[in-house]
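What follows is one structure encoded as structure tokens, with my remarks underneath.
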Amino acid sequence: MDSRKNLALRAHKPRLPELSSNQFEIPVAFIVFNRPEETRQSFAVLRNLRPSRLFLIADGPRSKPGEADACALTRAIVDQVDWPCEVNRNFSERNMGCKNRIASGISWVFEHVEEAIILEDDCIPDPTFFDFCKEMLVRYKSNAQIMSVAGVNFQFGNTPIPDSYYFSRFNHIWGWATWRRAWNRYDVSMQSWPDFKRAKTLSSIVQTRKTRGFFHYVFDSLYANKIDTWDGQWTYAHFANKGLCIIPERNLVSNIGFGMEATHTKNKLSRYSNMETSGLKFPLRHPQEISPYTPADLYTENTLYAPRIPPWIKEWIFKFIGR
């Protein structure tokens, strides 16, 4: 590939025995950067899973002291694939930033496959997370209303979930899965946001005024390119297309990446840091209707998006008091 694009992309198919029956056949995309210790822990989960197809996405180092070595060590960890597997690498030679690196990396994955599970280096899933995603990807493959599958549950036991999972207006990305058909609706630049905003469509999606204010602020900032992230645009894609996310009745993923070195999740004291996980029981109990579960969504609005002290203010406070 043209080195002027500063993108090293190569496919590696090791000469190993035929795939064994205990391998996981759904493609897995693994996103890493500069955190070898977190990567070592999450990659150990993938080694136990033994996916038959693995997509590795990495950003290049910034000019910060020691980051080039940290990035190199992280890449060396994910190169230790010791099971029969088709490995595809999309490693940037320069730093692209959170927004462009992850958005372009996921788009690259869906140039090759119809569905995938996406995991970042600081997310540690319960083993049942993968079987849950697999069943959901198969069951709702052709349902355009369903746009993603999440691994986290942010209810903290406060909202009883009647089935093994529920449908939500809100998507989460600490371990998730989706289809090419859904990702094709993603626009990192959010070009339709001004029209969406003028139509006041958010009022039909979000229940509380405070949460609408939160999303207006975030979407305005993303549209103006004031935030270097990719995931708010994915939430907007759900809203703009009236899409739903599947959320398990139990939390299946723990984020171990909170701290001052993190890009966005700097507050180690957050209730969302290192959340406990609990495996799902199979066979799954499926909801009879495909519609948002309002009690859970309302709890999410009042705690995650519009609590008494907004999350971005908490992050700012903890940043400057050094906790």
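The values are calculated or read from the model by the stated rules, or taken from the named source; none is laboratory data. Quantities reported herein were computed from a predicted structural model and do not represent experimental measurements. Every residue, glycine among them, receives a Cβ derived from its backbone with ideal geometry; neighbour counts consider all protein chains shown.
Brief remarks follow.
The rows are residues; the columns are (1) among the basic types (Lys, Arg); (2) farther than 21 Å from SER189 by Cα; (3) surrounded by 16 or more Cβ atoms within 10 Å (Cβ to Cβ); (4) at pLDDT 95 or above.
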residue: ARG101; (1), (2), (3), (4): yes, no, yes, yes
residue: SER104; (1), (2), (3), (4): no, no, yes, yes
residue: GLU115; (1), (2), (3), (4): no, yes, yes, yes
residue: LYS134; (1), (2), (3), (4): yes, yes, yes, yes
residue: VAL138; (1), (2), (3), (4): no, yes, no, yes
residue: GLN145; (1), (2), (3), (4): no, yes, no, yes
residue: SER148; (1), (2), (3), (4): no, no, yes, yes
residue: GLN155; (1), (2), (3), (4): no, yes, yes, yes
residue: SER164; (1), (2), (3), (4): no, yes, yes, yes
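Each row is one residue, and each column tells you yes or no for (1) of a type in the set (Lys, Arg); (2) at pLDDT 90 or above; (3) surrounded by 17 or more Cβ atoms within 10 Å (Cβ to Cβ); (4) in contact with a Pro (Cβ under 6 Å, 6 or more places away or on another chain).
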{"position": "THR208", "(1), (2), (3), (4)": "no, yes, no, no"}
{"position": "ASP220", "(1), (2), (3), (4)": "no, yes, no, no"}
{"position": "THR263", "(1), (2), (3), (4)": "no, no, no, no"}
{"position": "LYS266", "(1), (2), (3), (4)": "yes, no, yes, no"}
{"position": "SER270", "(1), (2), (3), (4)": "no, no, no, no"}
{"position": "HIS286", "(1), (2), (3), (4)": "no, yes, no, no"}
{"position": "PRO307", "(1), (2), (3), (4)": "no, no, no, no"}
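- LYS197 vs. criteria without any contact (Cβ under 8 Å) to a residue 24 or more places away in the chain and part of a loop (DSSP other than H, G, I, E, B): no
- Candidates GLU111, GLU115, GLU86: the one that is in contact with a helix residue (DSSP H, G or I) (Cβ under 8 Å, 6 or more places away or on another chain), charged (D, E, K, R) and under 27 Å from TRP234 (Cβ atoms) is GLU115.
- Condition broken by VAL206, with the remaining ones in (1) closer than 26 Å to ILE31 by Cα; (2) in contact with a helix residue (DSSP H, G or I) (Cβ under 6 Å, 6 or more places away or on another chain); (3) assigned to a loop (DSSP other than H, G, I, E, B); (4) in contact (Cβ under 8 Å) with a residue 60 or more places away in the chain satisfied: (1)
- Any hit, segment 31-44, residues being touching a strand residue (DSSP E or B) at 6+ places or on another chain (Cβ under 9 Å) and part of a strand (DSSP E or B): yes
- The set of residues from segment 130-159 being free of Cβ contacts under 8 Å to residues at least 24 places away in the same chain and either of a type in the set (A, V, I, L, M) or within 22 Å of GLU276 (Cα to Cα) (or both) comprises VAL138, GLY157.
- Among the residues here, SER20 does not qualify as modelled with pLDDT of 95 or more, assigned to a loop (DSSP other than H, G, I, E, B), surrounded by fewer than 18 Cβ atoms within 10 Å (Cβ to Cβ) and out of contact with any strand residue (DSSP E or B) (no Cβ under 8 Å at 6 or more places or on another chain).
- So ARG47, is it within 27 Å of ASP131 (Cβ to Cβ), basic (Lys, Arg) and in contact (Cβ under 8 Å) with a residue 40 or more places away in the chain: no
- Of all the listed residues (VAL87, VAL113, VAL78), the sole one being touching a His at 6+ places or on another chain (Cβ under 6 Å) and of a type in the set (A, V, I, L, M, F, W, C) is VAL87.
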